[in-house]
1. Name the pairs: first residue in region 86-102 and closer than 13 Å to residue 118 by Cα and not assigned by TED's automatic domain parsing to the domain that holds residue 53, second residue in a loop (DSSP other than H, G, I, E, B) and of a type in the set (Ser, Thr, Tyr), Cβ to Cβ under 6 Å, at least 6 apart or on different chains?
2. I'd like to verify a number: residues in region 87-104 that are within 15 Å of the chain's Cα centre (by Cα) and surrounded by 16 or more Cβ atoms within 10 Å (Cβ to Cβ), how many?
3. Among the residues of region 103-130, how many are of a type in the set (Asp, Glu) and either free of Cβ contacts under 8 Å to residues at least 24 places away in the same chain or more than 19 Å from residue 166 (Cβ to Cβ) (or both)?
4. Identify the single condition in (1) under 18 Å from residue 75 (Cβ atoms); (2) in a loop (DSSP other than H, G, I, E, B) that residue 164 does not satisfy, given that it satisfies every other one.
5. Here is a list: 108, 80. Which entry is of a type in the set (Gly, Ala, Ser), outside any helix (DSSP H, G or I) and at pLDDT 90 or above?
6. Conditions: (1) surrounded by fewer than 12 Cβ atoms within 10 Å (Cβ to Cβ); (2) modelled with pLDDT of 95 or more. Residue 169 meets all but one. Number of the miss?
7. Restricting to region 1-46, name every residue that is small (Gly, Ala, Ser) and surrounded by 18 or more Cβ atoms within 10 Å (Cβ to Cβ).
8. Restricted to region 164-207, and to residues that are of a type in the set (Val, Ile, Thr) and in contact with a Lys or Arg (Cβ under 8 Å, 6 or more places away or on another chain), which residue is nearest to residue 120 (Cα to Cα)?
Amino acid sequence: MQPPLAAFLEQVLATAQAGLTYSQDPFDIARFEALRNAAATLIASQSELDPEAIAHWIALDSGYPTPKLDVRALILDDAGRLLLVQERSDGLWTLPGGWCDIGDSPAGAVVREVVEETGLECRAVQLLALFDKLKHPHPPQLPHAHKAFFLCEVTGGALLTETDETLGAAYFPIDALPPLSRHRVVESQLRSLHDHVRQGRCETLFD
């Protein structure tokens, strides 16, 4: 599915969800439900997304639709290599991280995710970037998400070779990256963030 179509269908889903949240008229509610179902069907037919996964995300979303927040940790060793984890779900590599849970601060969420996925304890020292997923070359995916990238500093722990969520964790040079889980991170983001840190820049990148 092409990005313009994906963005349009996400907007249709958001419009339908907002209508279902605020409408009182039963006929309008039925129309918004039909619009939501039609958009979900089209997304399933035009992408590799599993129809059951689409239905799951739609069922979870209630109230006024807003983007979810995905947090990722950029951790460099003394040689400037990136710490990546291999996702158990697809066998591909990404920065440690995941969804920000209810009750989490963004920085707290990224520290928790690093411990769960790598065994390393860390602290978040800088918000490097806040990106809109639709503005980067990720494959189409629900739900719409914003991505917060934090520079993190290791403070303790030991690097685990495997966890419940990951098959491995290792440091990689920026010019020798493994196959990436592009739903989670893309090479252009890694290169931009890596250069940002190595050049000692302090400003936050954003869309």
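The values are calculated or read from the model by the stated rules, or taken from the named source; none is laboratory data. Worth saying up front: this structure is predicted, and the values here are computed from it rather than measured. With ideal geometry, Cβ positions are generated from the backbone for all residues, glycine too; neighbour counts draw on all protein chains shown.
1. Correct list of pairs: 87/181; 94/181.
2. Summing the residues that are within 15 Å of the chain's Cα centre (by Cα) and surrounded by 16 or more Cβ atoms within 10 Å (Cβ to Cβ) in region 87-104 gives 9.
3. Residues flagged as of a type in the set (Asp, Glu) and either free of Cβ contacts under 8 Å to residues at least 24 places away in the same chain or more than 19 Å from residue 166 (Cβ to Cβ) (or both) within region 103-130 amount to 1.
4. Single failed check for residue 164: (1).
5. When all the criteria are applied, what remains is 80.
6. Only one criterion is unmet by residue 169, namely (1).
7. 6, 14, 16, 39, 40
8. Filtering region 164-207 for residues that are of a type in the set (Val, Ile, Thr) and in contact with a Lys or Arg (Cβ under 8 Å, 6 or more places away or on another chain), the one nearest to residue 120 (Cα to Cα) comes out as 166.
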